[in-house]
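Here the structure is laid out as structure tokens; the discussion comes afterwards.
Throughout, read-outs are computed from the coordinates displayed, never taken from laboratory work. The model shown is predicted, which means the values in this text are computed figures rather than measured ones. Don't worry about glycine lacking a Cβ; one is built from the backbone with ideal geometry, like all the others, and counts go over all protein chains shown.
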Amino acid sequence: MTHHFTAKLAIAGLLTVGILGATTSQASAKTKVRYYQDIKNASYTVTNSKATVYTSATLKHKKGTLKSYGSKVTGYYAAHISKNGKATVYYKFKVGKKTGWVWRGYLKKAATLPNIFNSSEKAQITSYQKTAKSIGNSTSGMYASKPVYKNKFAVGKLSSTYINKTLAAINLARGFYGLPNVTAPDSWNASAQYGAATLAAANQACLMA
């Protein structure tokens, strides 16, 4: 009888330790807000569209992922919290009327134009940046027909898309200095391509010699 009673006490003790251990573990895993902080409104680029967004800094309720907010958000409030015993910071952000909380490591502060420019100048610079981005600098699809340097020589021909994009880039740069736009007559392009192909063919011959 004493043996069974002792065994029961031991089991009860293990259960108690287990329950207390689980309670302690759960308590340490809780998120605790240490303090809030106002931060200056700033634009941030999303670095992880799969990052979880929460409704509050206590991180109790999920609100989806950053993917539904786009590639840029505005951060305006911060919460210094203790999560799993470690100090970290979460930002409150907004996109239009939508708001949420996310770990600040998933947001990268977007580059801003220096304050030496007024609003009109900044708008003009942004316009230039958008134009340059739309032009791009890819050589994909450069030729309508590629030049041939071996066996039977062929001059080749640049694609109209590539010519137009190159011309747009040149005129964009000229516009910075108030210079008028230039055009690209077909006869000039044909002559330039003939010269470039001839030099390339001559270079190929030198390399093979």
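Of the trypsin sites (Lys or Arg not before Pro) found in the range 129-209, those that fall in a DSSP loop while having at most 13 other beta-carbon atoms within 10 Å are Lys150, Lys152.
If you take all other residues with their beta carbon under 12 Å from the beta carbon of Leu158, and give Lys and Arg +1 and Asp and Glu -1, the sum is +2. Residue by residue, the range 149-166 carries 3J(HN,Hα) couplings of 10, 9, 6, 8, 6, 9, 5, x, 8, 6, 6, 5, 4, 5, 4, 5, 5, 5 Hz when phi is fed to the Karplus relation 6.51 cos²θ - 1.76 cosθ + 1.60 (θ = phi - 60°); x denotes Gly or Pro. Per-residue Karplus couplings for the range 30-44, computed as 6.51 cos²θ - 1.76 cosθ + 1.60 with θ equal to phi - 60°, are listed in order as 5, 9, 10, 7, 7, 6, 9, 8, 6, 10, 5, 3, 8, 8, 10 Hz, Gly and Pro entered as x.
Work out the FRET efficiency for Lys32 and Lys97 from their Cβ-Cβ distance, taking R0 = 30 Å, and round it to the nearest 0.05. All intermediate terms of the calculation are to be shown ahead of the outcome.
Details: r = 29 Å, r/R0 = 0.97.
For R0 = 30 Å, the calculated efficiency reads 0.55.
Listed by chain and number, the aspartates and glutamates whose alpha-carbon sits under 19 Å from that of Lys108, ignoring those within fewer than 8 places in the same chain, are Asp38. Annotation: amide H-H contacts under 5 Å for Thr65 (H modelled 1.01 Å from N, sequence separation of 5 or more, or interchain): Val53. For the range 186-201, putting each phi into the Karplus relation 6.51 cos²θ - 1.76 cosθ + 1.60 with θ = phi - 60° gives couplings of 4, 5, 5, 5, 5, 5, 5, 5, 5, x, 5, 5, 5, 5, 5, 5 Hz, in residue order, rounded to whole numbers and with x for Gly and Pro. With a Cα cut-off of under 17 Å and a minimum spacing of 8 residues unless on different chains, the lysine pairs in the range 52-94 number 13.
Once backbone amide H atoms are built at 1.01 Å from N, Thr58 has no partners under 5 Å, excluding neighbours fewer than 5 places away on the same chain.
Quick one: Cα convex hull volume of the range 92-209, Å³ per residue?
Details: hull volume 27.5 nm³, N = 118.
Value for the range 92-209: 233 Å³ per residue.
Of the trypsin sites (Lys or Arg not before Pro) in the range 44-126, the ones in a loop by DSSP (not H, G, I, E or B) with at most 12 other beta carbons within 10 Å are Lys50, Lys60, Lys97.
Near the amide H of Ser159, within less than 5 Å, lie the amide hydrogens of Tyr143, Ala144, all on another chain or at least 5 residues away, with H placed in the peptide plane. In the range 72-178, a dipole from Cβ-located charges (positive for Lys and Arg, negative for Asp and Glu) runs towards its positive end, and of Phe93, Ser82, Asn151 it is Ser82 whose Cα lies farthest in that direction.
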